[in-house]
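Have a look at the structure below, then the notes.
The values are calculated or read from the model by the stated rules, or taken from the named source; none is laboratory data. Bear in mind that the values here come from a model prediction, so they are computed numbers and not experimental data. Every residue, glycine among them, receives a Cβ derived from its backbone with ideal geometry; neighbour counts consider all protein chains shown. For the accessible areas, the whole protein counts, side chains as well, though only heavy atoms, and no ligand, DNA or RNA atoms are used. Shrake-Rupley method; radii C 1.70, N 1.55, O 1.52, S 1.80 Å.
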Amino acid sequence: MKKVLASGCIIYISIIACSKQEPVITNDTQMIQPQYDTTAIDSFSAGATTVDIVRQIRMSSKKYQDSLKEAIQLEKEEERITQELEKENKKKLEEEKKLKAKEIATTGTTASE
């Protein structure tokens, strides 16, 4: 009788051990899954970012806006400098014309005498 009871227990334990059961996961060994999607996105797929959107993101950044302001200031400064140089050149040309007119007037009077 003891042999039958022992063999019955062994059969019962093997049946329980071989049955499919979900493994019990405790908090210590719990699997950590990423919170993001890791699938690759083709550039032509529905979730892909277009070039225009990337361009808008770059253009809206603080660094880009600062560089635009700096470029505008440099352009204004260059315009101001070129205008000043043009004014100086015009003044020099007018002075040269006056000097030539004076020379012609002085040489014209001496030649006629």
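Summary table
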| item | result |
| --- | --- |
| Nitroxide proxy distance, nm - points 7 Å out along Cα→Cβ at residue 6 and residue 56 | 8.0 nm |
| Where 5, 68 fall by accessible area, highest first, once all protein chains stay in place (1.4 Å) | 5, 68 |
| Förster radius 41 Å - calculated FRET efficiency between residue 83 and residue 35 (Cβ-Cβ, nearest 0.05) | 0.10 |
| Solvent exposure ordering (accessible area, 1.4 Å, most first) of 55, 80 | 55, 80 |
| Whole-Å distance, taken between Cα centres, linking segment 1-17 and segment 61-106 | 106 Å |
